[in-house]
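Novice: Here it is: the structure, laid out below.
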Ligand code: MN
């Protein structure tokens, strides 16, 4: 097979404790999955079914080692959102919650970096969120911890600090929709595929960063990440 232009590079993430890498297909993101964050965004979190948006594979940045991402264009309100990331190893449709975790390769710490001003402009006009959410390098993600070795985390502290100051602090047990439920709902809309990632939503405390800031994000039991913002 010959292509008329250079083929796009495969985006991939590190695996904790292994040399092999995880190729990234699509990135699904869960909206408003922590009640306190839904409220800070101006929504009523009670019993709304989960909703999803997406980022392209080129949003993924391997943050297994300390890394940096650029402050993006066209925003004056660039926000951090720390999230539990689920890596899908086996695809499927109409996956039941009971079987959903069989489709998981592992888990990582990730950042759903957001141009909040563009997201809110889109939201308020009923327009798509892409330019607020789905841009290059908007998803730094740490090394993936294989579920076969580390299990399936259901509780544990999730934190984010900026320049050493705590910004987000919660527990992944506070999600409205569990990992298994998110996988099940997603698989009713479209076939999940190996290489898909699911970013499972952020707790309260999101806020802006500027060039030069250093972000530290952690979830109990998973490799933490350090991400600097460069101009
Ligand atoms: Mn998010």
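The values are calculated or read from the model by the stated rules, or taken from the named source; none is laboratory data. Because the structure is a prediction, the values reported are computed rather than measured. Note: ideal-geometry Cβ built from the backbone for every residue, glycine included; neighbour counts use all protein chains shown.
Novice: Which pairs have Cβ atoms under 8 Å, sit 6 or more apart or on different chains, and link a residue in the range 67-81 that is under 17 Å from residue 214 (Cβ atoms) and touching a residue at least 40 places away in the same chain (Cβ under 8 Å) to one that is more than 16 Å from the ligand (Cβ to nearest atom) and in a loop (DSSP other than H, G, I, E, B)?
Specialist: Final answer for the pair search is 70/231; 71/210; 71/211; 71/231; 78/71; 78/210.
Novice: The conditions are (1) away from the ligand (no atom under 14 Å from the Cβ); (2) in contact (Cβ under 8 Å) with a residue 60 or more places away in the chain; (3) surrounded by fewer than 23 Cβ atoms within 10 Å (Cβ to Cβ); (4) closer than 16 Å to residue 33 by Cβ, and residue 159 fails exactly one of them. Which is it?
Specialist: Just one mismatch for residue 159, condition (4).
Okay, residues lined up against (1) within 16 Å of the ligand (Cβ to nearest atom); (2) modelled with pLDDT of 90 or more; (3) outside any strand (DSSP E or B):
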residue: 8; (1), (2), (3): no, yes, yes
residue: 14; (1), (2), (3): no, yes, no
residue: 43; (1), (2), (3): yes, no, yes
residue: 49; (1), (2), (3): no, no, yes
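Novice: If you check 148, 173, which single one turns out to be farther than 17 Å from residue 31 by Cα and assigned to a helix (DSSP H, G or I)?
Specialist: From the options 148, 173, the qualifying one is 148.
Novice: Restricting attention to the range 192-227, which residues are in contact with a strand residue (DSSP E or B) (Cβ under 6 Å, 6 or more places away or on another chain) and closer than 18 Å to residue 58 by Cα?
Specialist: 195, 196, 197, 198, 199, 227
Novice: Continuing with this model, one more query. Take the residues of the range 191-206 that are outside any loop (DSSP other than H, G, I, E, B) and more than 12 Å from the ligand (Cβ to nearest atom): which is surrounded by the most Cβ atoms within 10 Å (Cβ to Cβ)? Can you show your working first?
Specialist: Of the residues in the range 191-206, the ones outside any loop (DSSP other than H, G, I, E, B) are 192, 197-199.
Next, from what is left, pick out any that are more than 12 Å from the ligand (Cβ to nearest atom): 192, 197.
Values: 192: 23, 197: 27.
Looking at residues that are outside any loop (DSSP other than H, G, I, E, B) and more than 12 Å from the ligand (Cβ to nearest atom), I get 197.
Novice: When you scan the range 70-109, how many residues do you find that are under 15 Å from the mean Cα position of the chain (by Cα) and crowded, with 21+ Cβ neighbours inside 10 Å?
Specialist: 13
Novice: Going through the range 207-231 one residue at a time, which ones are closer than 18 Å to residue 22 by Cβ and surrounded by 23 or more Cβ atoms within 10 Å (Cβ to Cβ)?
Specialist: 219, 222, 225
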